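Notes to accompany the following structure.
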Amino acid sequence: MLEQKNCEISICIGTYNRIHYLKRLLESIAIQKYKNFEVIITDDSSSDSIEQYVKTSSLSFSLQYIRNKEALGTPKNWTAGMQYATGKWIKVMHDDDFFSSEDSLGA
């Protein structure tokens, strides 16, 4: 995992047991033309499948993974990543969201 310093955008993603959706989201982030961002994933999952995926993936962008010690529940998990954000702007996304084009962050 790469570390981004002084990034413009922090993409905060709350996830829960839906790795297939999260993979699609991360793929849509990887193709962004705009690169001055970091990704923060907070995980409420009951298994370690997302953690294992993140640890073994070669992602081309900065990603910070946080496994919640106790499940926070949907609304709190969605926003939990904000405390780790270093960007000037914060984009909260759910694990089943994705960017529709490679220009989504730069528009």
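The values are calculated or read from the model by the stated rules, or taken from the named source; none is laboratory data. Please read all numbers here as calculations on a predicted model, not as lab measurements. Just the protein is used for accessible areas: all its heavy atoms, side chains included, with ligands, DNA and RNA removed. Shrake-Rupley method; radii C 1.70, N 1.55, O 1.52, S 1.80 Å.
Descriptive notes on the structure:
- Heavy-atom surface analysis with a 1.4 Å probe gives the chain a carbon and sulfur content of 50 percent of its accessible area.
- Placed amide H near residue 14: partners under 5 Å, 5+ positions off or other chain: 42, 93, 95
- Where the Cα pairs of region 1-54 fall when distances are cut into 10 Å bins, in %: 22, 53, 23, 2
- Per residue accessible area in Å² of the chain, where ligands, DNA and RNA are left out and the probe is 1.4 Å: 58 Å²
- Whole-number percent relative contact order across the chain, with pairs defined as alpha carbons under 8 Å at least 6 apart: 47 percent
- Spherically averaged projected area of region 39-107 from its Cα convex hull (nm²): 5.5 nm²
- Gaussian network model of the chain, Cα within-10 Å springs - most flexible of 69, 91, 35: 69
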